[in-house]
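The values are calculated or read from the model by the stated rules, or taken from the named source; none is laboratory data. Here the structure is a predicted model, which means the values were calculated and not measured. Positions of Cβ are generated from backbone atoms using ideal geometry, with glycine treated the same way; all protein chains shown enter the neighbour counts. Quick note on the areas: whole protein, heavy atoms, side chains included, nothing else; ligands and nucleic acids left out. Shrake-Rupley method; radii C 1.70, N 1.55, O 1.52, S 1.80 Å.
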Amino acid sequence: MNRLVIVILEVSRLLLGLNCGKALETIVPPESAKALSSKHDFDLQAFKFSADKELLREPRVVRVGLIQNSIALPTTAPFSDQKKAIFEKLGPIIDAAGASGVNILCLQEAWMMPFAFCTREKRWCEFAEPVNGESTQFLQEFALKYNMVIISSILERDINHGETLWNTAVIIGNHGNIIGKHRKNHIPRVGDFNESTYYMEGNTGHPVFETAYGKIAVNICYGRHHPLNWLAFGLNGAEIVFNPSATVGELSEPMWPIEARNAAIANSYFVGSINRVGTEIFPNPFTSGDGKPPHPDFGHFYGSSHFSAPDASCTPSLSRYKDGLMISDMDLNLCRQLKDKWGFRMTARYELYADTLASYLKPDFEPQVISDPLLHKKSF
C-alpha cells in the first residue's frame, strides 16, 4: 500500500470515523433509483451503519432517507406556481427513495416554500397551511404508496388558535396517517435569521414519535445549537433525531459537520442532518442589521446533508450545490450498545444539572465563582 493511499485512509478515519472498527459500507441503489437520479439530476448516495451481533436480540435494521433540494421557480413567480413546482420536483426524488426501500424519509426545513423569512415581508405568510394542508396531503400519498414514514417541515397556520403561525414538523405514518407534530423550540435572532417576525418558540416540548420503524424525534434547524435540546430528545427515548434545516455558508458551514455528530455521540442515537440547496433571490432587497448595504439574497444554502451515528462514524455529505437523496441502513441496536460501552446515562449527574438550572432561573442567581483571594489584594 503506497503512502498516498495510507494518508487518504487515515484522513477518512479521522473525518468520518469507523463503524464497528471499519469504514462505512456503501449500498448500491436499485437501477430504477439510479435512473431517476440521472434523469432529474440529483445526487444519490447510500451507506450502511452496522452494529455488533448480539446473542439475545435480532438486528433492528431500518432504511432512512434525507432529501435536500433547491426551489423550483424564481421567487417572483405566483405563489401557487412556486409550490406546485416544488411538488413536481420532489416527486421523482421521493419515488427514488420508495424504489430504494426507504422506511423513514425526512425533508428539509420549510421545504414547500422559499426560505423567505430573511425578508421580514408578511406576504410570504400566504405559504402557511394547516397540519393537514396540501403539503401533508401530497406526502400522505407517497407514505401510503411506499409504506413509508415521512417527516415534513412546514410553515403551519394554527386555525384553532387565531391562525397563529408556527415552524412545524408533521410526522406522517406509513399508513398515510398523521402521527403528530412538533414545533421548533428555538427561534434564531441572528442577522437575517430573525424568524420571530413570523413565528415564536414552539409549545410542544420534546416529543418522541414511536413509529413502525423506531422512535424518532425532530430537532428543527437552530435547535441544533442548543445541547440541552438534543439531550431532551434523548431522555425521551429517541433512536433517530432528524435536523431539517435551512442555513447558509457564511454563517454556519464550519459548524455543520460538528454539531450533529457531537449530539449523536453524547446522546447515543443516530442523527440525520438535512439542509436546503441554492441561492434564493427575492424581489425586494433587505438589510441584515450589520451596516452593510441591502441585498436581495440570504446567501448560499450549502446542502451537505448527512447521517451521524452514536459511535462517532458518519457518512460523507451530499452535494453542496445539487438536489440530493441520502440513504442509510442503520441497525438501531447500535444505540444501546454505545450506551452500554460509554455509560453516559449512568455517569451523568442530572441532579447537579437540575439544581444549577433551577438556581439559574431565579432572579437572585449568583454564578458559582471562587476567586483567588490574592487576585484583588493591593500590593504596596
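So the values come out like this:
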item: Within region 155-169, tally of residues that are open to solvent by less than 20 Å² (accessible area, probe 1.4 Å) and out of contact with any Asp or Glu (no Cβ under 8 Å at 6 or more places or on another chain); result: 2
item: Within region 288-335, tally of residues that are among the β-branched types (Val, Ile, Thr) and not in a strand (DSSP E or B); result: 1
item: Residue list for region 336-380, filter: assigned to a loop (DSSP other than H, G, I, E, B) and open to solvent by less than 100 Å² (accessible area, probe 1.4 Å); result: Gly343, Ala348, Phe365, Pro367, Ser371, Asp372
item: Condition broken by Ser50, with the remaining ones in (1) under 20 Å from Lys322 (Cβ atoms); (2) touching a Pro at 6+ places or on another chain (Cβ under 9 Å) satisfied; result: (1)
item: Where a residue in region 78-93 is touching a residue at least 40 places away in the same chain (Cβ under 8 Å) and open to solvent by less than 30 Å² (accessible area, probe 1.4 Å) and its partner, wherever it lies, is assigned to a helix (DSSP H, G or I) and among the aliphatic types (A, V, I, L, M), with Cβ under 7 Å and at least six apart; result: Pro92/Leu36
item: Any chance Gly176 is surrounded by fewer than 19 Cβ atoms within 10 Å (Cβ to Cβ), at positive phi, modelled with pLDDT of 95 or more and not aliphatic (A, V, I, L, M); result: yes
item: Evaluation of Pro59 against (1) in contact (Cβ under 8 Å) with a residue 24 or more places away in the chain; (2) touching an Asp or Glu at 6+ places or on another chain (Cβ under 8 Å); (3) in a loop (DSSP other than H, G, I, E, B); (4) open to solvent by less than 50 Å² (accessible area, probe 1.4 Å) (one fails), failing number; result: (4)
item: Total residues in region 179-224, condition modelled with pLDDT of 95 or more, of a type in the set (Asp, Glu) and not in a strand (DSSP E or B); result: 1
item: Unmet requirement for Gly272, which otherwise passes all of (1) in contact with a helix residue (DSSP H, G or I) (Cβ under 9 Å, 6 or more places away or on another chain); (2) open to solvent by 10 Å² or more (accessible area, probe 1.4 Å); (3) part of a strand (DSSP E or B); result: (2)
item: Residue list for region 126-154, restricted to those being open to solvent by 20 Å² or more (accessible area, probe 1.4 Å) and over 30 Å from Ala99 (Cα atoms); result: Glu126
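Condition check ((1) farther than 26 Å from Ala97 by Cα; (2) surrounded by 14 or more Cβ atoms within 10 Å (Cβ to Cβ); (3) among the hydroxyl-bearing types (Ser, Thr, Tyr)) across all residues:
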site: Ile8; (1), (2), (3): yes, no, no
site: Ser12; (1), (2), (3): yes, yes, yes
site: Glu25; (1), (2), (3): no, no, no
site: Ser37; (1), (2), (3): no, yes, yes
site: Leu44; (1), (2), (3): no, yes, no
